[in-house]
Amino acid sequence: MNRSVILSAAVLVSACATVPGTAPSPSPGQVAKVERILESPAVREAFSYVEAHRGDILDEWRFLTEIEAPSGREAERAAAVARILRQSPSVEVSVDEVGNVIAIRRGTGGGPAVAVDTHLDTVFHDLDRVETRVEEGRLWGPGVGDSTRNVEAMLAMLRALDAAGIRTRGDLMLTFTVEEETSFRGIDHLLETRGDEIDHFLALDGGWNGFTYGGVGTYWIKYHFIGPGGHTRSRTPPYSATLPAARAIDRIYRLRVPADPPSNLNVGMLGASDVFNKKAENAWFSVDVRSTDQQVLDRLDRRIAAIARQEAARAGMKLETEIADQWPAAQISGHRGSELVLTMEAVFRAMGFDPTIAPTASNHSSAALRKGISAISTGTAPCRDAHAPTENCEIEPIYRGIQRLIVMALAMTGIDS
């Protein structure tokens, strides 16, 4: 499916357009707001709840990680999250048409509505069983960080708010979305159906010491090299369609991909014949191209397409292009100096972090920004080896990460005093 998004030039600017000079800093009012939250007896009580339930948080984190949730098949994990959410009397829980779990914690009025979002799915489709282990202060297991740490942080935050009796002025929407690793179907549906209910969007995915505030464009495309095929021993045709595909991949990886603006390129999937003794008549590979700059994104896309055409022609074969999805790059003009970004900076600094603040994004914060919704992305614990069976996270920081998430949410929704 080729999904196009129409962007308003008045709302969005190229990611390469930066504000000259020194980046904006939190105002005295924003700093004071965060300090009042940290000094609040109710917030200290919420923090104490987290400290008192460290063992429960770790056990639930492991429990959720061990529920297999390959992208597109997250129903069992979604059901478990919904059951846990329904234990809270403060939220209205629903599951939408595509499988997203949504919990609304109604505010008393007068504050902005804030969505805190993470995804339920993982990249692991071929595991017989997911097992976790604790070793040297780290929790190990496929999907433990991306993004189960954040699922657990959101659940623990909700229980801490309830235990401390904290009411917010604005609504707090907790969203656990599906298919982030494959189609973005969950976040797209959420924003299409409920985006107008959201004033600020906090996406929890990667990161720990800082946060991002920009929108990354992503192109997912498959290139098919079509030839006549044949037996291994046949003299005609002289070779398999794998040859031009391989030549194209080699050339694609030689392209210069800029680090500034942040950009990435990856050939992730390959396909061809299904037996040893057959020359493939259809050899294909996928390309994942990302950039915060639409011009860079389009330039890389054009160069990759040209390489594929040249190698197909060189082999006397046909090229077919399959566009899986295309999401344009987007940043809200002036977003670095927005209320959300500066308040989040004040939260990080007040809690002892020296944050890296970058104009990149997670997939879900990018989706929100494309809708014109102020958004940032971060994570709730430091992790390593995302998308690998050796994925692992430090355990101790997640408790501080949950406490920081509490302050982040309250700083934007406001506390009802």
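Every test in (1) modelled with pLDDT under 95; (2) more than 22 Å from the chain's Cα centre (by Cα) is passed by PRO112 save one, and that test is (1).
Answer yes or no as to whether ALA283 is in a helix (DSSP H, G or I) and either in contact with a Cys (Cβ under 8 Å, 6 or more places away or on another chain) or not aromatic (Phe, Trp, Tyr) (or both).
No: the conditions fail for ALA283.
For segment 257-266, the condition of being of a type in the set (Gly, Ala, Ser), under 30 Å from ALA330 (Cβ atoms) and assigned to a loop (DSSP other than H, G, I, E, B) holds for at least one residue.
Which of the residues belonging to segment 342-359 are open to solvent by 20 Å² or more (accessible area, probe 1.4 Å) and not in a strand (DSSP E or B)? Matches in segment 342-359: ARG349, ALA350, GLY352, PHE353, ASP354, THR356, PRO359. Of the strands (runs of 3 or more DSSP E) contained entirely in segment 52-161, those carrying at least 2 residues that are in contact with a Phe, Trp or Tyr (Cβ under 9 Å, 6 or more places away or on another chain) and open to solvent by 50 Å² or more (accessible area, probe 1.4 Å) fall at 133-135.
Looking only at residues of segment 322-370 that are among the aromatic types (Phe, Trp, Tyr) and modelled with pLDDT of 95 or more, we find that the one that is farthest from ASP199 (Cα to Cα) is PHE353. One residue stands out among those in segment 237-261 that are open to solvent by 20 Å² or more (accessible area, probe 1.4 Å), farther than 15 Å from ARG299 by Cβ and touching a residue at least 60 places away in the same chain (Cβ under 8 Å): the one that is farthest from the chain's Cα centre (by Cα), which is TYR239. Here segment 196-214 is the region considered, the condition is being outside any loop (DSSP other than H, G, I, E, B) and either at pLDDT below 95 or open to solvent by less than 10 Å² (accessible area, probe 1.4 Å) (or both), and the residue that is nearest to ALA368 (Cα to Cα) is PHE201. Taking the listed residues SER263, SER273, SER291, the one that is polar (S, T, N, Q) and under 20 Å from GLY229 (Cβ atoms) is SER273, with no other qualifying.
Number of residues in segment 391-409 that are open to solvent by 10 Å² or more (accessible area, probe 1.4 Å) and in a loop (DSSP other than H, G, I, E, B) equals 1.
On the basis of being of a type outside the set (Gly, Ala, Ser), farther than 25 Å from ASP325 by Cα and open to solvent by less than 10 Å² (accessible area, probe 1.4 Å), does LEU174 make the cut? Talk me through it step by step, then tell me what you get.
Details: of a type outside the set (Gly, Ala, Ser): yes; farther than 25 Å from ASP325 by Cα: yes; open to solvent by less than 10 Å² (accessible area, probe 1.4 Å): yes.
Here the answer is yes, as LEU174 does meet what is asked.
Looking at SER374, SER417, SER362 in this structure, which one is more than 29 Å from HIS189 (Cα to Cα), open to solvent by 10 Å² or more (accessible area, probe 1.4 Å) and among the hydroxyl-bearing types (Ser, Thr, Tyr)?
Working: SER374 fails: more than 29 Å from HIS189 (Cα to Cα); SER362 fails: more than 29 Å from HIS189 (Cα to Cα).
Sole residue among the options that is more than 29 Å from HIS189 (Cα to Cα), open to solvent by 10 Å² or more (accessible area, probe 1.4 Å) and among the hydroxyl-bearing types (Ser, Thr, Tyr): SER417.
The values are calculated or read from the model by the stated rules, or taken from the named source; none is laboratory data. The structure displayed is predicted, hence computed values, not measured ones. Here Cβ is always computed from backbone atoms with ideal geometry, including for glycine, and neighbour counts include all displayed protein chains. The protein model used for the area step is the full one, side chains on, heavy atoms only, and it has no ligands, DNA or RNA in it. Shrake-Rupley method; radii C 1.70, N 1.55, O 1.52, S 1.80 Å.
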